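First the structure, in the form of C-alpha cells, and then the observations on it.
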Amino acid sequence: MSLLHSEVIQLDVPASYYYLRLISTCIEELLTRMDNLSDRDILTYNIQLATHEVCTNIIDHAYAGNPQGRITMTLKLTPQPAHIVIHLRDTGDTFDFLSIPDPDLDEVREHGYGLFLIRSLMDQVTYNPDPGQNHWELVKYLA
C-alpha cells in the first residue's frame, strides 16, 4: 500500500509490561502502510526495541512500579520525507537525560544500556521533563 498522507495512532495504556506487545503491534501495523522499505523487519524491530526501552524506563524509573501510572503514545507516520515520530508521555518522576553518559562498552554490566540503545537505534531522541508531564520524542527516517 502506498501512503499518501500522514497516519496517526494514539494509545493511552497502563504503565505495565503487559502492554508492550500492543505498542509493538501498533508500530508494526503502521509501518506496513509504507511501500518499499528496505530491511523492513530489521527496521521495525529496531523501532519497537527503542520504544520498549523508553516504556520500560518509564515503568521502572518514572513510575517506580506504581500500578496507577499511564503511558500516552502517539505514532505518526509521514510519507514525505518518509519517517515515523513516536511521542511518549508520562506523569512520573523526571531525570536529567543529558547527564546520563554512554556506557563503557569494554566493561561488562547487566544494566545501563537502555538510553545508549535508544540513541543508537533512532535518528533523533528528545526528552523534555515538562511541568507535570515527561515527554519523549523518537524519530526514525525510513528512506
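Among the residues of region 63-73, is there at least one that is within 17 Å of LEU138 (Cα to Cα) and either among the aliphatic types (A, V, I, L, M) or more than 12 Å from the chain's Cα centre (by Cα) (or both)?
Yes: one or more hits.
Exactly one condition in (1) modelled with pLDDT under 90; (2) small (Gly, Ala, Ser); (3) assigned to a helix (DSSP H, G or I) is not met by SER38; state its number.
Checking SER38 against (1) modelled with pLDDT under 90; (2) small (Gly, Ala, Ser); (3) assigned to a helix (DSSP H, G or I), the one that fails is (3).
The rows are residues; the columns are (1) closer than 18 Å to MET122 by Cα; (2) among the small types (Gly, Ala, Ser); (3) assigned to a loop (DSSP other than H, G, I, E, B).
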position	(1), (2), (3)
HIS5	no, no, yes
ARG21	no, no, no
CYS26	yes, no, no
ARG33	no, no, yes
LEU43	yes, no, no
ASP60	no, no, no
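For region 18-36, which residues satisfy the criterion of being among the hydroxyl-bearing types (Ser, Thr, Tyr), within 14 Å of the chain's Cα centre (by Cα) and farther than 17 Å from THR91 by Cβ?
Taking region 18-36 and keeping what is among the hydroxyl-bearing types (Ser, Thr, Tyr), we get 18-19, 24-25, 32.
Restricting the remaining residues to those that are within 14 Å of the chain's Cα centre (by Cα) gives 19, 24-25.
Within region 18-36, SER24, THR25 meet the criteria.
The values are calculated or read from the model by the stated rules, or taken from the named source; none is laboratory data. Keep in mind it's a predicted model, so treat the numbers as computed, not measured. Here the Cβ is made from the backbone with ideal geometry for all residues, glycine too, and neighbour counts use every protein chain on show.
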